[in-house]
Amino acid sequence: MTLPATRTRLTAALCALALAAGALAVLTPSPPASAEPGAAVVAEDFSAGTLPAGWRAVDGAWKVENGRLYGTSTSSAASNKITFGRHLNDFRFEATVRFESVASATRWTALGLDVPADGATPWWIATMRSGTTAANGLEFAERTTANTWNVTNTGSAPYAAGTGRDVRVAVEVHGSQARWFVDGREALRTSSLRRSADGGQALLVNGATVSFDDVTVTELAPNGYLRPDGSPLTVIAHRGASAAAPENTLVAQEVARRASADWIENDVQPSRDGVPFVLHDTTVDRTTDGVGRIRDLTAAQLKALDAGSWFAPQYAGEKLPTLAEQLADLRTRGGNLLLEIKGAHTRDEVARIVEVIRAERMTSRVFIQSFEVDALRHTRDLAPELPLGLLRGSLDADPVALARQLGLTAYNPSGAALAARPDVVRQLHDAGVAVLVWTIDSPHQWQSLEQADVDGIITNRPAELAGWNAAYLQRPPATPSVAIASPADGAILDRAQAPDPHRDRDQRRHRHAHPRRAAVRRRPPAGPHHPAGWPAHPAGRRRRTGRPGVGDQHLHRDGHPGRPRVRDPDLRRRTGHAHRPEHPAGQRSVRRAGRPRRPAGRQADPGRAGGGRRRRRAHPRPALTRSVGGGRADRRPAAPRVLSVAAPTVPGPVPGRVVGVSSRRSARAAAAVPCRDRGCPRPSPRRPRR
């Protein structure tokens, strides 16, 4: 039906919600199909070289070549199509698509979801442009009987299909609901498909040459109400989008539809003359300009009331809809109804509701719920095909037993009631009963309920919940957690160490031969105190091995003298240091006055050679631990840390610790960061070899 008043009252908030709904069409990880795939109705790889039997080229040029089906449209005004298949209510349509050439990036190809065999309007398609990153790169659209477009949903993909590239696309359809998949990931969804009684499948091209391969149509089981693992929460708009429009009106229903709500929840009560009206309260006082109980007012009196002014001036003149009007709007414009039978109803009153649902041919798209057990029993007796849900403000002692007794499809508690016993969700799921929670508007609670595995949420903010769904599904995957198993807290992992047993073994093997990490046993220079020293240098003078000078002998780790190093003899004078006199060949320099000798029993410094000055280290020592009671230092290196890894989360880095080190270079790089903050000693830069 047409809604002239409604269309003029779509406010800026409504437009923003519609835009937000389009923006939700980002690629999100998709769960498997909601049911195990059945037999393939169509499975074609075009290997025969001709058009398959039953495929009808309605218009345009279509041919099979090189194992692919080619369709060509030379004009953007021509949407050429080829039809095939049969009418299905629940199915998955897949194809490998490649744009061979396009007139422009706005040109498109489409999977026909409900197209008559002769191509007559109206028909529904899922469209993909070669410029898939555009705001309307993906669409669900209807070609109307007036040969105009009714685009219900638009979205974009993070990359363009372009030309010359195979893209695997699929659309999963369940009645009026459909989901677009691009390369295996969900990109867009709708609940606005209007289905015919005999429409089949089709392929379409517009302003492009497109090739197709591996076209498959698989019939699916009817869509269930239990949420598959990894799929988003079912979005149920409470009284329509009641946070953005007057509740229980057609405009609120339109806002919810544009916000990508999966279901629209409304309330129904009879007028004095028995006409079912959509209204929550037992009186009209709060949401209209009238007064009185709904059961005391006739249908004519109720239709004369203004149901929009109380919410905002721009909704002035909005009317209370009858149940028949609401169902007609859902049938023609798309959507599913979660209908609450409000308050106590007689069997005849429930029968009138069922009669209206059947008259509008909406039994497959209506879900009945109520607080009243008798109303549910009447519905089950009168219309066993309608799914039933029991509303509860507090949990029953045994929800599973009650669900079995009433034949429930869903058990719908309040958020507060479920928080007291979250284990009920698993028990109901084991019994095949869905859990739909009301009325939750907080993202924090959405997350808690998602983690509790509920199936759907009734909310006043459907656009926000749909957006939260998309964002939550794109969260980074969980990463392993890391726990330090050994040694105990307080030990320090030095950059010279790493948890590499093979390298540690090599270090122990070559510790005394390593020139930079361990002491190198050198023979002292010849002199009166060391008669067994090296022979005197031919130049007749020698300095300490640790401070190379002119003619100094540099010892390699294998113990043999290396090539001499030369230093400017005037260096000390230019730098302000006193230049010590040279000594005769073969003699040790005289110890400076006042300099104490090294105490007896003190270990030799690995950095010294022959008792000379301390050499400047070019590499840090291994981490050392000292005995608690004093005395000599225990100079054994600290044990490397042993890491244990467990999924699924990683805590933040622990200050001053290094975890996950797998190489010497990464150990040094990782250990350098906490040293800057904690004032740890920094190693001297490595001297270049000359």
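Observations on the structure shown:
- Test: residue in the range 261-277 that is touching a His at 6+ places or on another chain (Cβ under 6 Å), surrounded by fewer than 24 Cβ atoms within 10 Å (Cβ to Cβ) and not assigned by TED's automatic domain parsing to the domain that holds residue 153: yes
- Cβ-Cβ under 9 Å pairs, at least 6 apart or on other chains, the range 305-329 side more than 12 Å from residue 289 (Cβ to Cβ) and among the β-branched types (Val, Ile, Thr), far side at pLDDT 95 or above and not in a loop (DSSP other than H, G, I, E, B): 322/276; 322/277; 322/278; 322/299; 322/302; 322/303; 322/356
- Considering the range 78-107, and only residues there that are closer than 17 Å to residue 213 by Cβ and among the acidic types (Asp, Glu), the residue that is surrounded by the most Cβ atoms within 10 Å (Cβ to Cβ) turns out to be 94.
- Residues of the range 146-180 that turn out to be of a type in the set (Phe, Trp, Tyr) and touching a Lys or Arg at 6+ places or on another chain (Cβ under 8 Å), as a count: 2
- Selection status of residue 370, polar (S, T, N, Q), in contact with a helix residue (DSSP H, G or I) (Cβ under 6 Å, 6 or more places away or on another chain) and either surrounded by fewer than 22 Cβ atoms within 10 Å (Cβ to Cβ) or at pLDDT 95 or above (or both): yes
- Lone unmet requirement of (1) at pLDDT below 95; (2) surrounded by fewer than 22 Cβ atoms within 10 Å (Cβ to Cβ) for residue 257: (2)
- Condition met for residue 289 (in the same structural domain as residue 388 (by TED's automatic domain parsing) and among the acidic types (Asp, Glu)): no
- Here the range 294-342 is the region considered, the condition is being basic (Lys, Arg) and modelled with pLDDT of 95 or more, and the residue that is surrounded by the fewest Cβ atoms within 10 Å (Cβ to Cβ) is 295.
- Exclusive hit being among the charged types (D, E, K, R) and within 26 Å of the chain's Cα centre (by Cα), set 194, 189: 189
- Only residues that are part of a helix (DSSP H, G or I) and either in contact (Cβ under 8 Å) with a residue 24 or more places away in the chain or buried (at least 16 other Cβ atoms within 10 Å of the Cβ) (or both) were counted in the range 440-467, giving 13.
So that you can scan it fast, the table gives a plain yes or no per residue for (1) without any contact (Cβ under 8 Å) to a residue 12 or more places away in the chain; (2) among the hydrophobic types (A, V, I, L, M, F, W, C); (3) touching a Ser or Thr at 6+ places or on another chain (Cβ under 7 Å); (4) on the phi < 0 side of the Ramachandran plot:
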position: 364; (1), (2), (3), (4): no, no, no, yes
position: 371; (1), (2), (3), (4): no, yes, no, yes
position: 374; (1), (2), (3), (4): no, no, no, yes
position: 378; (1), (2), (3), (4): no, no, no, yes
position: 385; (1), (2), (3), (4): no, no, yes, yes
position: 388; (1), (2), (3), (4): no, yes, yes, yes
position: 393; (1), (2), (3), (4): no, no, yes, yes
position: 396; (1), (2), (3), (4): yes, no, no, yes
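- In the set (1) out of contact with any Lys or Arg (no Cβ under 9 Å at 6 or more places or on another chain); (2) more than 26 Å from residue 225 (Cα to Cα); (3) of a type in the set (S, T, N, Q), residue 196 fails one condition alone, (2).
- Only one entry in 98, 165 is among the basic types (Lys, Arg), assigned to a loop (DSSP other than H, G, I, E, B) and more than 25 Å from the chain's Cα centre (by Cα), namely 165.
- Residue in the range 420-433 that is closer than 25 Å to residue 470 by Cβ, assigned by TED's automatic domain parsing to the domain that holds residue 339, without any contact (Cβ under 8 Å) to a residue 24 or more places away in the chain and not aromatic (Phe, Trp, Tyr) present: no
- Any hit, the range 279-286, residues being among the hydrophobic types (A, V, I, L, M, F, W, C) and either modelled with pLDDT under 95 or crowded, with 24+ Cβ neighbours inside 10 Å (or both): yes
The values are calculated or read from the model by the stated rules, or taken from the named source; none is laboratory data. Computed from a predicted structure; not experimentally measured. Glycine gets a Cβ as well: all are built from the backbone with ideal geometry, and neighbour counts include every protein chain shown.
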